[in-house]
1. What tally of residues in segment 126-141 results from selecting those that are within 18 Å of residue 91 (Cα to Cα) and of a type in the set (Gly, Ala, Ser)?
2. Which condition from (1) under 11 Å from the mean Cα position of the chain (by Cα); (2) modelled with pLDDT of 95 or more is the one that residue 102 breaks?
3. For segment 39-62, what are the residues that are surrounded by fewer than 18 Cβ atoms within 10 Å (Cβ to Cβ) and at pLDDT below 95?
4. If the requirement is being in a helix (DSSP H, G or I) and either at pLDDT below 95 or closer than 30 Å to residue 125 by Cα (or both), which of these qualifies: 31, 7?
5. In this structure, is residue 145 free of Cβ contacts under 8 Å to residues at least 40 places away in the same chain, in the same structural domain as residue 43 (by TED's automatic domain parsing), assigned to a strand (DSSP E or B) and under 19 Å from residue 43 (Cα atoms)?
6. Out of everything in segment 131-150 that is of a type in the set (Gly, Ala, Ser) and under 16 Å from residue 84 (Cβ atoms), what residue ends up being surrounded by the most Cβ atoms within 10 Å (Cβ to Cβ)?
7. Just checking, which of 101, 105, 114 is part of a loop (DSSP other than H, G, I, E, B), assigned by TED's automatic domain parsing to the domain that holds residue 47, touching a residue at least 24 places away in the same chain (Cβ under 8 Å) and not aromatic (Phe, Trp, Tyr)?
Amino acid sequence: MTICRQIRQRTHLILFLIGLAVLWIGSTAPIMYGQGVHTAGKGLGTITTPSGTTLFVEIADSPDKRTQGLMFRPSMAPDRGMLFQFPEQGDHTFWMKNTLISLDILWLDESGTILHLEANVPTCPRKDDGCPRYRAPVKSLHVLELNAGMAKKLNLTAGSQLTIDLPPMSFPY
């Protein structure tokens, strides 16, 4: 066996072992909340309701992602949503401009407790900036958007405790 071939084989073995290590580290990464990271969701976090229902959520954890939100999407699967993460508690205001699906909007504290809920928020067909704005009467750290009617279907109300599992690298900012 030539020296070049031996070096090539060893290099492939080292790269393979590094890949295994990266996969192992990613699957055991620490989390912000909950019991574990669900790696099968390809960057999706999970929210578990008090009744045990699991929702898969996209994470809006940057200014660009939070600005885009769910705009221009014609639909969303019933078990999906979007979790907006903010760097600090605040008065986080939402509106439905360019959002094509009606939503339930839930404001959460750092532990995943629902602080406020706006149910069945309608779309806004206006082309100007005159769409209604929605915000909680208290400061929040996260905002969860679900399809309209899901909060009622899942029996979610102010005070309900959600378990939030985040994918690796979605937090901190």
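The values are calculated or read from the model by the stated rules, or taken from the named source; none is laboratory data. Everything quoted here is computed from the prediction, not taken from an experiment. Cβ: placed from backbone, ideal geometry, glycine included. Neighbour counts: every protein chain shown.
1. Qualifying residue count for the region: 2.
2. Going through (1) under 11 Å from the mean Cα position of the chain (by Cα); (2) modelled with pLDDT of 95 or more one by one, residue 102 breaks only (1).
3. Selection gives 39, 40, 41, 42, 43, 62.
4. From the options 31, 7, the qualifying one is 7.
5. no
6. 140
7. The unique qualifying residue is 101.
Residue-wise test of (1) out of contact with any Pro (no Cβ under 9 Å at 6 or more places or on another chain); (2) in the same structural domain as residue 61 (by TED's automatic domain parsing); (3) more than 19 Å from residue 45 (Cβ to Cβ).
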residue: 94; (1), (2), (3): yes, yes, no
residue: 139; (1), (2), (3): yes, yes, yes
residue: 152; (1), (2), (3): yes, yes, yes
residue: 155; (1), (2), (3): no, yes, yes
